[in-house]
Amino acid sequence: MSSSKAVSLGSPVLPGVGRSTEIVTILTNLEENKTYTGIEAQNGVFVVKIIKKDTPTVLDNYKNFSYTILNARKAKSTQSFEAMKKMADIEDNRATIY
């Protein structure tokens, strides 16, 4: 039997199990002070008792998070484009046409 503190969707690591996003996602919907048995996940079958849940504080402004997500998407699209350029065998003949 082991316990975990500060488990969240942002940090879904359980001691002795490792990263387990699917079990942590299930845990977020369970009620406090109840024992749940037979929760199946990729890493095994779990018996869980939620001792305490903290609700996140509501932010007035989510702009910082939206900018972070937007910048991450831009970086990924640039990386994807560069990877496709490396894989493509394209000859640029625009100079002969124009």
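The values are calculated or read from the model by the stated rules, or taken from the named source; none is laboratory data. Everything numeric here is computed off the predicted structure, so don't read it as measured data. We place every Cβ from the backbone using ideal geometry, glycine too, and count neighbours over all the protein chains shown.
Considering S8, S80, S3, S66, which residue is surrounded by 10 or more Cβ atoms within 10 Å (Cβ to Cβ) and either part of a strand (DSSP E or B) or over 16 Å from the mean Cα position of the chain (by Cα) (or both)?
Details: S8 fails: either part of a strand (DSSP E or B) or over 16 Å from the mean Cα position of the chain (by Cα) (or both); S3 fails: surrounded by 10 or more Cβ atoms within 10 Å (Cβ to Cβ); S66 fails: either part of a strand (DSSP E or B) or over 16 Å from the mean Cα position of the chain (by Cα) (or both).
Sole residue among the options that is surrounded by 10 or more Cβ atoms within 10 Å (Cβ to Cβ) and either part of a strand (DSSP E or B) or over 16 Å from the mean Cα position of the chain (by Cα) (or both): S80.
Please determine whether any residue of the range 21-43 is of a type in the set (K, R) and either surrounded by 10 or more Cβ atoms within 10 Å (Cβ to Cβ) or free of Cβ contacts under 8 Å to residues at least 12 places away in the same chain (or both).
Looking for residues that are of a type in the set (K, R) and either surrounded by 10 or more Cβ atoms within 10 Å (Cβ to Cβ) or free of Cβ contacts under 8 Å to residues at least 12 places away in the same chain (or both), one finds none in the range 21-43, hence no.
So which residues in the range 11-45 are in a strand (DSSP E or B) and either at positive phi or under 21 Å from the mean Cα position of the chain (by Cα) (or both), if there are any at all?
Across the range 11-45, the qualifying residues are V13, L14, G18, R19, G38, I39, E40, A41, G44.
Is it the case that E91 is loosely packed, with under 10 Cβ neighbours inside 10 Å, modelled with pLDDT of 85 or more and more than 17 Å from the chain's Cα centre (by Cα)?
The answer is no for E91.
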